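One structure below.
The values are calculated or read from the model by the stated rules, or taken from the named source; none is laboratory data. Note that the coordinates shown come from a computational prediction; the quantities given were computed from them, not determined experimentally. Cβ coordinates were reconstructed from backbone atoms using ideal geometry, including for glycine residues, and neighbour counts include every protein chain displayed. With ligands, DNA and RNA removed, areas are computed over all heavy atoms of the protein, side chains included. Shrake-Rupley method; radii C 1.70, N 1.55, O 1.52, S 1.80 Å.
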Amino acid sequence: MPYQLIDGKNLSTQILNEIAENVGELKKRSEITPGLSVVLVGDDPASDIYVRSKERAALKVGMVVKLIRMPWQSSEDKIIEIVQSLNNDINYHGILVQLPLPDHVDQNRVITSINPLKDVDGLHPFNAGLLAAGEPRFIPATPGGIREILLRTNNDPSGKHVVVIGRSNIVGRPVSNLLSLKGKGGDATVTICHSRTKDLTDICRAADVIIAAIGIPNFVKGDMVSEGVVAIDVGINRVNAPEKKRGYMLVGDIEFESVSRKAAAITPVPGGVGPMTIAMLLSNTLYAADISRHE
């Protein structure tokens, strides 16, 4: 069956244009320019590329950006000290600590040190709790991007069976909470699966929507899905490809070739969920700036 290739770049451009307009209105209304601060620890090439993409997008929509680069060997306490200085800086409404952090750093302790009102990644336990309680403030960027993908491609999750493969606090758990909430972009029946789920293939075949975020290249195969599935691929994995100039290629958690033969709609990797994540991060930053007026 012919499938709809979901163009995350195009959708993200639509959202960024909307954000730019709202940034301009906020500046006129309150003379506040939304500010995003990003803390990058170490020199991981993938993280560096991602951070620069966020920086460019934020500047393009009219925000101010402060990028703090810290050496890999930075202590946990030093990172938290930087975060706390940003908590107290009224010029920056959103704080993002780029993950993953080095192994010697307690990631949870760093995230918890962020002021929940500036936690535009939506990972602070307070914000995670609000989402779980059905009163979200900052929705984690990737889950928020997935919801926008479904809504903006006429694949409203309402009444659908959504199967989420992966249970991380960054994607799997929050997206399952988000899509099961009452109201627009929610009202789905959600099954969350993981590496120890029994009868996983049978569960996946019963899905109207599959969201793969398990971190295993090409994990979801064509024989695991039913005709007409909407396939959302969160994975981005490097696999060896000697025939490529770079010696590797990027693939998702979904085997595109086989799943696309059955799918009604599918996201590519790259160019699917990734651009939407950046757009939703900036949407959260705009919201953080707006609510700062009432503090």
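Simple rule: put +1 on each Lys or Arg Cβ and -1 on each Asp or Glu Cβ in the chain, find the dipole, and look at Asn154, Leu101, Val225; the Cα lying farthest toward the positive end is Asn154. Helix-only arithmetic for the chain: the sum of -39500 (n - 2.57) across DSSP H runs with n ≥ 4, divided by the residue total, places the mean residue ellipticity at 222 nm at -12000 deg cm²/dmol. Among residues other than Arg261 with Cβ under 12 Å from its Cβ, the summed charge is -2 (Lys and Arg +1, Asp and Glu -1). Descending by average beta-carbon neighbour count within 10 Å, the peptides 199-208, 217-226, 138-147 line up as 138-147, 217-226, 199-208, the highest first.
Spin-label model, Tyr248 to Ile32: label points 7 Å out along the Cα-to-beta-carbon direction sit 4.0 nm apart.
Between the listed residues Val83, Ile192, Gly272, the Cα displaced farthest toward the positive end of the dipole of the chain, a dipole computed from Cβ unit charges relative to the Cα centre, is found at Gly272.
What number comes out for accessible area per residue over the chain if the probe is 1.4 Å? Units Å², please.
Working: 14110 Å² over 295 residues.
On a per-residue basis, 48 Å².
Gain on full extension, evaluated as 0.36 nm per residue between Asp7 and Ala20 minus their Cα-Cα distance, stands at 2.7 nm. In straight-distance terms, cross-link reach from Lys182 covers every one of the lysines whose alpha-carbon lies under 16 Å from its own, apart from those fewer than eight places away in the same chain; here that gives Lys160.
Report in % the part of the accessible area of the stretch 11-74 that belongs to carbon and sulfur, leaving out ligands and nucleic acids; probe 1.4 Å. Show your work: numbers first, answer last.
Values: 1780 of 3420 Å².
C and S fraction of accessible area: 52 percent.
With a cut-off of 15 Å between beta carbons, the residues surrounding Gly145 carry a summed charge of -1, where Lys and Arg count +1 and Asp and Glu -1.
With a cap of 15 neighbouring Cβ atoms within 10 Å, and only residues DSSP puts in a loop, list the GluC sites (Glu not before Pro) found in the stretch 211-285.
Glu227, Glu243
Considering only alpha-carbon pairs that sit under 8 angstrom and 6 or more positions apart, the relative contact order computed for the chain is 22 percent.
Over the stretch 189-254, all Cα pairs binned in 5 Å intervals from 0 give whole-percent P(r) values of 4, 17, 25, 22, 14, 8, 7, 3, 0, listed from short to long.
Determine the relative contact order of the stretch 96-156: mean sequence separation of Cα pairs under 8 Å and six or more apart, normalised by residue count, in whole percent. Before the final figure, lay out each step's value.
Numbers: 40 pairs, mean separation 13.4, N = 61.
Relative contact order comes out at 22 percent.
Averaging sequence separations of C-alpha pairs under 8 Å and six or more residues apart, then dividing by the length of the stretch 54-153, give the relative contact order as a whole percent. Kindly include the intermediate steps, with their values, before the conclusion.
On the way: 79 pairs, mean separation 18.6, N = 100.
Answer for the stretch 54-153 is 19 percent.
Suppose we look only past 25 Å in the calculated P(r) of the chain. What percent of the Cα-Cα pairs does that tail hold? Counting every Cα pair in the chain, those more than 25 Å apart make up 49 percent. Taking the protein heavy atoms of the stretch 125-188 in the context of the full set of protein chains, the accessible area attributed to carbon and sulfur is 47 percent at 1.4 Å.
Excluding Asp187 itself, calculate the net charge of residues whose Cβ lies under 9 Å from the Cβ of Asp187, where each Lys or Arg counts +1 and each Asp or Glu counts -1. Mind showing how you got there, number by number?
Working: positive: Lys160, Lys182, Lys184; negative: Asp156.
Net of charged neighbours comes to +2.
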